[in-house]
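Engineer: Encoded as structure tokens, here's the structure I'll be asking about.
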Amino acid sequence: MRLPFELDPQIIHHIIYSQAGSIGKAIIELLMNSVDAKASNVQLSISRTGFSCHDDGQGFASREDVIRYFGRFGTPHEEGDATYGCFRLGRGQIMAHASTTWHSNVWQMTVNTRVMGYHYDLDEVQAHSPGCAIKGDWYEALSEVELMSTLQEIRDLVRYTPVCVELNGNRITRDPHGERWDAEDEFAWYRVKADGAVAIYNQGVLVRHDSGHVWGAGGLIVSKKAIGLNVSRTEILRKTCPVWKAIAKQFGQMADQIASRLGNHRKTEARREKSARALLSGDAGIVQTYSKEEVVTLLPGKRHISMEDFLRKCRYSHGKRHGGRFAVVESGFDVPKGEAIAREGIAVIVHSVTLNRFGCYSAQEFADCISRIHDNLRLDIELNGAQYWGINALYIPQLLAFSTLREAFVERTRILTEKDALDRETRRAWTALRWCLHHYVALCTGGRPVYGGQVREGKSLHILLGQSNVAEAWTDGSSYIAVDVTIVKRLKSSPVRTAAYIFSLTEHEIAHEGDSLDCGHDEAFYQRFHDLVLLHSEQRQRYMHMWLMKYTGSMEAEGKRAQGEAWRKRYLVNRASDSRLKRGLSPTIEDVSDDPVVVGAIPDESMAFIDYQNTLMADAVVTAEPPNWTEILIRAAHDQKHISMQVSANAKQRITTQRQWIDQDASC
């Protein structure tokens with residue numbers, strides 16, 4: 001006997017509460033109902049206590065319409081009678097957030113699921129209200145933050161809807177016909193950009209944001225035709241919707257085009273992430289992706305390299321052999337320590353951003369990904385005949401426990417005194433340089449020039465000599481910038497080139513805008529550094545010239561012969577200026593021989609300040625014995641094996657526990 005399936009009344013609870021998301025999403029469902037009712041204008045008003053929604057659509061024409069289309073969830077739309085609707089379920093979302101009163105023509109419906117359960121009151125009223133007017137009171141009043149978040153969410157969700165939508169008296173919709181697009185066809189409008197997410201609007205209503213790695217680019221899609229969606233309208237039916245297939249084909253081509261225009265010199269994070277996922281899924285062209293695409297990021301400096309280059313560096317990098325081993329910084333907080341370890345050439349260190357790119361949550365998962373990628377590579381060669389010269393040299397590098405390396409690496413950072421650390425000639429160049437840097441730093445931190453090289457306001461920082469195994473320069477962001485003595489000692493042999501490098505280090509420390517020892521380098525830092533270098537490039541050259549004049553002037557005062565790199569630089573500048581003056585041109589650079597910075601006395605370094613800073617840095621660690629890295633690397637490999645075994649044992653224990661719970665539930 002054939003019997004029909006039935007729906008339990010409790011399914012209404014599921015329809016109302018289980019599909020309910022945010023308040024913004026629930027309001028958008030009402031808006032889409034207005035569009036389906038042929039409304040041309042929708043007025044929304046939202047406050048902390050409630051909301052109202054009024055449209056000029058068709059509304060409910062009769063009692064039968066109310067019972068059939070309002071009182072019954074799941075009544076399907078007929079083909080072509082709705083822009084968004086499918087099964088008339090969306091209105092249930094608002095019922096989870098507020099008690100509501102619906103007024104359409106002469107019919108009034110009242111819903112309060114917390115008082116009335118899954119029932120509603122239907123009344124015929126004398127006042128005629130065209131279209132549909134909905135008023136609601138939130139079950140729980142919104143905070144000011146929740147209200148502002150809801151308003152912004154609604155603005156984003158309905159940006160391109162085909163009707164005029166006003167929110168609290170302001171129009172929030174835009175006509176896509178009046179905007180500039182990168183492409184347009186019968187299915188959608190398209191806009192593509194190098195990076196970021198892809199916002200997808202179904203006939204003007206935001207459905208979702210695709211991560212950049214899905215396409216290898218970012219952008220915006222506004223469909224002209226309805227895209228197939230799931231019941232809660234949060235996911236696209238990508239495999240079955242013909243409209244989406246056409247849109248995806250067009251946007252995919254545009255994403256590939258923008259990637260090709262950027263070329264190999266500028267690969268975006270979206271492209272790197274897409275390439276990483278392509279390696280894991282065994283996409284076509286995996287050999288090319290494996291060899292050429294940047295998917296692994298190494299420290300120091302966030303250098304992006306291909307998987308092939310990564311395995312090569314695991315064997316040899318920093319001028320030494322590493323035995324096919326590597327470690328992964330799993331936490332962004334450990335990046336500064338990872339950079340220091342990598343800079344010392346102790347081990348190959350992978351940046352934590354690589355884990356995100358491959359969808360991993362631990363270093364062991366990344367090592368497992370390498371094994372899967374090699375399997376995909378071999379399979380592609382076997383099935384498709386792809387050519388790869390290094391197929392027989394593939395190997396899985398050994399993973400080291402970064403925690404072991406981190407604990408063994410002792411940071412040695414302290415401030416030195418010039419008299420104790422530098423010889424006479426190096427000190428001559430350094431004191432002149434730190435005096436000019438002092439004024440340049442004030443200028444770069446918001447100061448304004450007043451006379452010559454002097455600066456008013458800005459930060460007055462000490463420029464100090466230091467010693468560190470974790471940084472070439474560092475700052476606390478408020479009182480000093482220190483430069484490593486190893487760099488400063490190069491002033492004796494290459495004064496001009498070294499001074500230029502120290503100027504760059506100083507700009508780098510200023511761009512941190514705070515303590516740089518415990519701070520990594522994010523995109524905001526690189527942008528600040530970029531802007532700082534460009535903004536003050538002219539003044540930097542001026543202060544470099546002041547240093548040159550002050551340094552050579554100091555040697556002149558002691559009757560030293562005019563020889564060496566600094567003298568040659570000054571001679572060439574003077575010679576170029578003389579030649580230009582003979583031709584009626586301005587000098588190469590202004591005369592700073594009488595500038596207060598050049599002729600002024602250089603203050604001595606503050607011993608009290610240096611002693612105080614050294615106490616803050618816990619100077620006692622400097623006396624610790626240097627670690628034996630050969631033994632530590634062996635221990636790190638052993639510790640990682642132990643970590644992996646422990647993770648595997650915990651996973652097996654969780655599975656066993658879950659099975660026991662299932663068996664207990666089945667027996668009850």
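Engineer: Roughly how many nanometres apart are two label points built 7 Å out from the Cα toward the Cβ at Ser593 and Leu534?
Structural biologist: Going from the Ser593 label point to the Leu534 one covers 3.7 nm.
Engineer: Could I ask something else about it? Roughly speaking, what is the stretch gain from Ala393 to Asn168, that is 0.36 nm per residue apart minus the C-alpha to C-alpha distance, in nm to one decimal?
Structural biologist: 74.4 nm
Engineer: Grab the beta carbon distance between Ile305 and Ile602, set R0 = 60 Å, and tell me the FRET efficiency rounded to 0.05.
Structural biologist: So, using R0 = 60 Å, E works out to roughly 0.85.
Engineer: Here is a follow-up. What's the FRET efficiency of Ile381 with Gln653 using the Cβ-Cβ distance as r and R₀ = 35 Å, to the nearest 0.05?
Structural biologist: Once the sixth-power term is evaluated, E becomes 0.35.
Engineer: On to the next question. How much length is gained if the chain between Gln527 and Ser62 is pulled fully straight, taking 0.36 nm per residue apart and subtracting their Cα-Cα distance, in nm to one decimal?
Structural biologist: Taking 0.36 nm per residue and subtracting the Cα distance, the gain is 161.2 nm.
Engineer: Could you give the dipole magnitude of the chain about its Cα centre, charging the beta-carbon of Lys and Arg +1 and that of Asp and Glu -1, in debye to the nearest 20?
Structural biologist: Result for the chain is approximately 2400 debye, rounded to the nearest 20.
Engineer: Please give the helix 607-616 orientation as an angle from the longest Cα principal axis of the chain, in degrees from 0 to 90, rounded to the nearest 10.
Structural biologist: Once rounded, one gets 40 degrees.
Engineer: Right, something else. Once phi is turned into θ = phi - 60°, what whole-Hz ³J(HN,Hα) does the Karplus curve with 6.51, -1.76 and 1.60 give for every residue of the range 210-218, x standing for Gly and Pro?
Structural biologist: Ordered by residue, 3J(HN,Hα) equals 7, 4, x, 5, 5, 10, x, 7, x Hz.
Engineer: Starting with the fewest neighbours, write out Val207, Val111 ranked by other beta-carbon atoms found within 10 Å of each beta-carbon.
Structural biologist: Going from least to most buried by this count: Val207, Val111.
Engineer: Take every Cα pair under 8 Å in the range 413-621 that's 6+ residues apart, average their separations, divide by the length, and report that relative contact order as a whole percent.
Structural biologist: Averaging sequence separation for qualifying contacts and normalising by length gives 24 percent for the range 413-621.
Engineer: Around Tyr501, what is the net charge, scoring Lys/Arg as +1 and Asp/Glu as -1 over all other residues with Cβ under 10 Å from its Cβ?
Structural biologist: Taking every Cβ under 10 Å from that of Tyr501, the sum is +1.
Engineer: Return the percentage of antiparallel bridges among DSSP beta bridges fully within the chain, rounded to the nearest 5 %.
Structural biologist: That works out to approximately 75 percent antiparallel.
Engineer: Let me ask something else about it. Under the Karplus relation 6.51 cos²θ - 1.76 cosθ + 1.60, θ = phi - 60°, what is the ordered set of whole-Hz ³J(HN,Hα) values for the range 123-137, x standing for Gly and Pro?
Structural biologist: Rounded to whole hertz, the list is 10, 9, 10, 6, 5, 8, 10, x, x, 9, 10, 10, 10, x, 10.
Engineer: Now a separate question. For Cα extents along the principal axes in Å, which listed value, [x] 110, 63, 51; [y] 84, 63, 47; [z] 93, 47, 46, comes from the coordinates shown?
Structural biologist: Only one listed value fits the structure, namely [x].
Engineer: Same structure again: Among Phe333, Phe366, which comes first, second and so on when ranked by fewest other beta-carbon atoms within 10 Å?
Structural biologist: Least to most surrounded, the residues fall as Phe333, Phe366.
Engineer: Which angle from 0 to 90°, rounded to the nearest 10, does the C-alpha axis of helix 537-557 make with the longest principal axis of the chain?
Structural biologist: For 537-557 against the chain, the angle is about 20 degrees.
Engineer: If you don't mind, there's one more thing I want to ask. Report the relative contact order of the chain, percent, no decimals, based on alpha-carbon pairs under 8 angstrom and at least 6 residues apart.
Structural biologist: Relative contact order for the chain comes out at 8 percent.
Engineer: Once you put a point 7 Å from the Cα of Ser331 and another 7 Å from the Cα of Met148, both along the Cβ direction, what distance in nm separates them?
Structural biologist: Computed distance between label sites Ser331 and Met148 equals 3.1 nm.
Engineer: Residues in the range 323-337, backbone N under 17 Å from the label point at Asn469 (7 Å along the Cα-to-beta-carbon vector): list them, ranges by number please.
Structural biologist: Hits in the range 323-337 for Asn469 at 17 Å: 336-337.
Engineer: A further question on this structure: With a cap of 14 neighbouring Cβ atoms within 10 Å, and only residues DSSP puts in a loop, list the trypsin sites (Lys or Arg not before Pro) found in the range 182-281.
Structural biologist: Sparse-neighbourhood loop trypsin sites (Lys or Arg not before Pro): Arg238, Lys239, Arg266.
Engineer: How many nm separate the modelled label positions at Leu581 and Glu140, each set 7 Å beyond the Cα in the direction of the Cβ?
Structural biologist: Taking the simple label geometry, Leu581 and Glu140 are separated by 7.9 nm.
Engineer: Test of understanding: what is the full-extension gain from Leu237 to Ile662, defined as 0.36 nm times their sequence separation minus their Cα-Cα distance?
Structural biologist: That works out to 149.7 nm of additional length.
Engineer: Next question. Counting Lys and Arg as +1 and Asp and Glu as -1, what is the net charge of the other residues whose Cβ lies under 11 Å from the Cβ of Leu399?
Structural biologist: -1
Engineer: Still on this structure, please answer the following. Would you calculate a helix-derived [θ] at 222 nm for the chain, using -39,500 (n - 2.57) for each DSSP H run of n ≥ 4 and dividing by the full residue count, to the nearest 500?
Structural biologist: The helix-only estimate for the chain comes to -13500 deg cm²/dmol at 222 nm.
Engineer: What's the angle, to the nearest 10 degrees (0 to 90), between helix 565-582's Cα axis and the longest principal axis of the chain?
Structural biologist: Helix 565-582 sits at roughly 80 degrees to that axis.
Engineer: Here is a further query. Could you tell me which residue out of Ser478, Ser494, Asn574 lies farthest along the dipole of the range 413-621 toward its positive end? Charges go on the beta carbon: Lys and Arg +1, Asp and Glu -1, centred on the Cα centre.
Structural biologist: About the Cα centre, the residue reaching furthest to the positive side is Asn574.
All of the numbers you see were taken from the coordinates with simple rules; none came from a lab. Please read all numbers here as calculations on a predicted model, not as lab measurements. Reconstructed Cβ throughout: ideal geometry from the backbone, glycine too, with neighbour counts over all protein chains shown.
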